[in-house]
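Structure first, then comments.
Just so it is clear, none of the values below were taken in a lab; they were calculated from the coordinates. The model shown is predicted, which means the values in this text are computed figures rather than measured ones. Using ideal geometry, Cβ is built from the backbone for each residue, glycine included, and neighbour counts are taken over all protein chains shown.
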Amino acid sequence: MDLTGKTIAVAVTGGIAAYKACDFVRELYRRNAERVLCIMTPNAAEFVTTLTLQALSRYPVFTETLAVDHGGIPIHIVIAQQADALVVLPATADSLCKLAHGAADNLVTTSVITFTGKPVIVVPAMNTRMWDHPLTRQNLDTIRQLPNYVIVEPTSGNLACGETGDGHLADQETILQALYQSVHPEKNLFKGIKAIVTAGGTSEPIDPVRVISNRSSGKMGLALADELYAMGATVTLISTKPPNHRLYDVITVKTASDMQTELNTRFEDTDLLLMAAAISDYTPANPAEHKIKREQQLTPTLALTPNPDILASLGQRKRTGQLLVGFAAESQDLLKNATDKFHRKNLDAIAANDISRTDIGFEADQNEMTLILANGNHHKLERDRKDRIARNLLLTLHEQLLKS
């Protein structure tokens, strides 16, 4: 989730979860946000000091309703002019009431009502009793009807008061995903597309303890799923390495057989499949029911049997209009081997990367790929972070295969 060039406003209101705004501000910069502008209600300053947020955001932090910048422009106007999105974190029950009814009685509410035509991400957090109150629900329904507002609902968890229930601030990754989709330059590009992404390396059991697996981290597949969701697709991620909270469906599998079962169930209703997972070619023929003891078998023999070729079978089943994209991790003859795989498995595109390099691919945060398309075109995706590679890959696929 790359926020390069974006200015994000963070509005903090007076709830105990206000302290989590500090980590959120830091994370925005980790995701390459250009600027983070923080404002607070006076009550929020009772939980987190302005100095703390000023140090983290690198800009002055204001709390006064009538605050102005060095040029005399009201801060709520500065926020409206300069920010690409405004995140209210946390949004208390009192704040939700005010937002729903257009109040402008503090710097946060004044800034929100000035922030028209741009995304407002509202992240509630409060006691379960307050969250469940009919008036709170009514206020939420009112806010949901506003076209530029997104509500990131709280989760169930341990609350500051000692109770447990709904009202716990949403996980940071979930908030970031909602924000990212709101500011994505191509947020509707894949709207109406049902997509499946596979990720991670499967594990084939030798015994209850040991497995045959590979070095796939699942990072590339996760980046593709995140980008597809941000671009408007309906996404299902099938992964051996499930991520933290996501706003799309995530299915966890372990073996190649698990992966095949899930794909067979969902493939017919899918428009686009990105097969980024590293699926084991072989599985132990006779996995042991109990742990193999070293003392009993000093030099055990492991018999292997081929796993089904899932991608090839799906290539034979695909219907007209369905797009199937494979991935080729090769250590030699990159383009030749990838092209052979492309034809053998009846694909619409294949992304090839060189796993003999240590700076890209498996376990790395960066990648470099060549995308081979059914129309004969080759597109080089130069070395970059995997989230940026994912975005460029999807943009190329849309331009070459979907745009018509």
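Taking amide H as placed 1.01 Å from N in the peptide plane, Ile355 has its amide H under 5 Å from the amide H of Glu330, Ser331, each at least 5 places away in sequence or on another chain.
Computed over the stretch 244-366, relative contact order equals 21 percent, with contacts defined as Cα pairs under 8 Å that lie 6+ residues apart. With the simple model of a label 7 Å out from the Cα in the direction of the Cβ, Lys191 to Gln316 spans 3.9 nm. Considering only Ala33, Gly192, Ile79, and ranking their Cα positions along the charge dipole of the chain that arises from unit charges at the beta-carbon of Lys, Arg, Asp and Glu, the one farthest toward the positive end is Gly192.
Take Arg58, Arg129 and order them by how many other Cβ atoms sit within 10 Å, fewest up front. If you can, show how the numbers build up before the last one.
Details: Arg58 12, Arg129 15.
With the fewest neighbours first, Arg58, Arg129 line up as Arg58, Arg129.
If the only charges are +1 at each Lys and Arg Cβ and -1 at each Asp and Glu Cβ, what is the size of the charge dipole of the chain around the Cα centre, to the nearest 20 debye? Numbers along the way, then the final one.
On the way: 40 positive and 45 negative charges, 106 e Å.
Roughly 520 debye, rounded to the nearest 20.
From least to most packed, judged by other beta carbons within 10 angstrom and beginning with the fewest, His290, His379, His343 follow the order His290, His343, His379.
A straight Cα-to-Cα reach below 18 Å connects Lys318 with the aspartates and glutamates Glu262, Glu268, Asp269, Asp271, Asp309, Asp348, residues fewer than 8 places away in its own chain not being considered. Mean projection of the Cα convex hull over all viewing directions, computed for the stretch 167-275: 8.3 nm². Could you calculate, for the chain, the ratio of the Cα radius of gyration to the Kirkwood radius, expressed as Rg to Rh? Ratio of gyration radius to Kirkwood radius: 1.05. Each Cα pair under 8 Å and six or more residues apart adds its separation to the average, and for the chain the resulting relative contact order is 10 percent. Fewest-first ordering of Asp281, Asp271 by other beta carbons within 10 Å of each residue's beta carbon gives Asp281, Asp271.
Report relative contact order for the stretch 1-73 in percent, whole number only (criteria: Cα-Cα under 8 Å, sequence separation at least 6).
Working: 113 pairs, mean separation 24.5, N = 73.
Computed over the stretch 1-73, the figure is 34 percent.
Ranked by the mean number of other Cβ atoms within 10 Å of their residues, highest first, the peptides 134-140, 256-262, 214-220 come out as 214-220, 256-262, 134-140. By the Kirkwood approach, averaging reciprocal distances over each pair of separate Cα atoms, the stretch 7-183 gets a hydrodynamic radius of 15.9 Å. Could you point to the residue in Asn337, Gly14, Pro300 farthest towards the positive end of the chain's charge dipole, with +1 and -1 charges on the Cβ of Lys/Arg and Asp/Glu respectively? Sorting the options by dipole projection puts first Asn337. For a straight C-alpha distance cut-off of 20 angstrom, the lysines reachable from Lys386 (same-chain residues fewer than eight places away being disregarded) are Lys6, Lys187, Lys219, Lys241. For the stretch 253-404, a crude dipole built from +1 on the beta carbon of Lys and Arg and -1 on the beta carbon of Asp and Glu, taken about the Cα centre, is about 120 debye to the nearest 20.
Please work out the FRET efficiency for the pair Asp359 and Tyr29, using the Cβ-Cβ distance as r and a Förster radius of 22 Å; give the result to the nearest 0.05. Walk me through the numbers before you get to the answer.
Numbers: r = 24 Å, r/R0 = 1.11.
Calculated transfer efficiency: 0.35.
Extension gain, Arg210 to Asp69, is 44.5 nm, computed as 0.36 nm per intervening residue step minus the present C-alpha separation. Under a model in which nothing but the beta-carbon of Lys, Arg (+1) and Asp, Glu (-1) is charged, the stretch 7-183 shows a dipole of about 280 debye around its Cα centre.
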